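K.L.:
Sharing a structure here in structure tokens format.
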């Protein structure tokens with residue numbers, strides 16, 4: 001093996017250099033969702049296998065422009081994703097897979113674009129397996145990786 005990243009634990013957690021580090025550090029692991037980057041109406045968007053898409057912020061559009069391929073992987077920690085029980089603008093449809101109450105937090109795993117996404121919600125939010133849910137990603141805290149090199153994409 002070889003050293004992937006050398007930094008403080010907090011910086012490695014917050015700024016992983018590649019998908020391996022992102023998936024290795026943290027519990028539960030960072031969710032990694034394979035998507036395709038494109039342009040729609042002059043805006044950069046990411047599109048999932050199911051056909052949904054969402055517009056990227058200008059900063060994230062800069063990151064995606066640096067990818068070597070149109071294949072981009074969105075990385076998100078469970079605490080940075082909002083679970084919605086109904087559709088809201090910017091939220092992406094998903095299906096709950098498992099629900100794990102732990103006392104002070106409930107972990108929900110959802111299927112999205114061929115990946116399993118971990119989301120944490122307060123214990124008073126009731127979610128059932130196979131329930132239709134919507135996921136909202138925090139554009140300030142999401143990570144984007146090159147789908148070919150698996151390296152983190154950085155803004156200019």
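The values are calculated or read from the model by the stated rules, or taken from the named source; none is laboratory data. Only a predicted model underlies this, so the values are computations on that prediction, with no experimental measurement involved. In this analysis, Cβ positions are derived from the backbone assuming ideal geometry, glycine residues included, and neighbour counts consider all displayed protein chains.
K.L.:
Those residues that are surrounded by fewer than 16 Cβ atoms within 10 Å (Cβ to Cβ) and farther than 22 Å from residue 108 by Cβ, I need them from segment 25-52; list them, please.
P.N.:
38, 39, 40, 41, 42, 43, 51
K.L.:
I'd like the full set of residues that are in a strand (DSSP E or B) and either in contact with a helix residue (DSSP H, G or I) (Cβ under 6 Å, 6 or more places away or on another chain) or touching a residue at least 24 places away in the same chain (Cβ under 8 Å) (or both), limited to segment 103-116.
P.N.:
107, 108, 110, 112, 115, 116
K.L.:
Can you name every residue in segment 1-23 that is within 15 Å of the chain's Cα centre (by Cα) and either within 21 Å of residue 100 (Cα to Cα) or surrounded by 16 or more Cβ atoms within 10 Å (Cβ to Cβ) (or both)? Please lay out each step first, then the result.
P.N.:
Within segment 1-23, the first condition is being within 15 Å of the chain's Cα centre (by Cα), and the residues that meet it are 13-16, 18-23.
Scanning segment 1-23 gives 16, 18, 19, 21, 22, 23.
K.L.:
Can you work out which of the residues in segment 103-114 that are surrounded by fewer than 18 Cβ atoms within 10 Å (Cβ to Cβ) and within 25 Å of residue 45 (Cβ to Cβ) is modelled with the lowest pLDDT?
P.N.:
By that ranking, first place goes to 114.
K.L.:
Could you check residue 41 against (1) at pLDDT below 95; (2) within 29 Å of residue 17 (Cα to Cα); (3) over 15 Å from the mean Cα position of the chain (by Cα) and say which number it fails?
P.N.:
Unmet condition: (2).
K.L.:
Sticking with this structure for a sec: Can you say whether residue 100 is on the phi < 0 side of the Ramachandran plot, without any contact (Cβ under 8 Å) to a residue 12 or more places away in the chain and loosely packed, with under 15 Cβ neighbours inside 10 Å, as far as the supplied structure shows? Talk me through it step by step, then tell me what you get.
P.N.:
Numbers: on the phi < 0 side of the Ramachandran plot: yes; without any contact (Cβ under 8 Å) to a residue 12 or more places away in the chain: yes; loosely packed, with under 15 Cβ neighbours inside 10 Å: yes.
Here the answer is yes, as residue 100 does meet what is asked.
K.L.:
Could you tell me how many of the residues in segment 65-98 are farther than 25 Å from residue 19 by Cα and touching a strand residue (DSSP E or B) at 6+ places or on another chain (Cβ under 8 Å)? Steps first, please.
P.N.:
First pass over segment 65-98, keeping only residues farther than 25 Å from residue 19 by Cα: 84-89.
Checking which are touching a strand residue (DSSP E or B) at 6+ places or on another chain (Cβ under 8 Å) leaves us with 84-88.
The qualifying residues number 5.
K.L.:
Tell me which residues, restricted to segment 80-97, are closer than 24 Å to residue 63 by Cβ, loosely packed, with under 13 Cβ neighbours inside 10 Å and in contact (Cβ under 8 Å) with a residue 24 or more places away in the chain.
P.N.:
None; the set is empty.
K.L.:
Here's something else I'd like to know. Given the conditions (1) in a strand (DSSP E or B); (2) at pLDDT 95 or above; (3) under 17 Å from the mean Cα position of the chain (by Cα), and given that residue 98 satisfies all but one, which numbered condition is not satisfied?
P.N.:
Failing condition for residue 98: (3).
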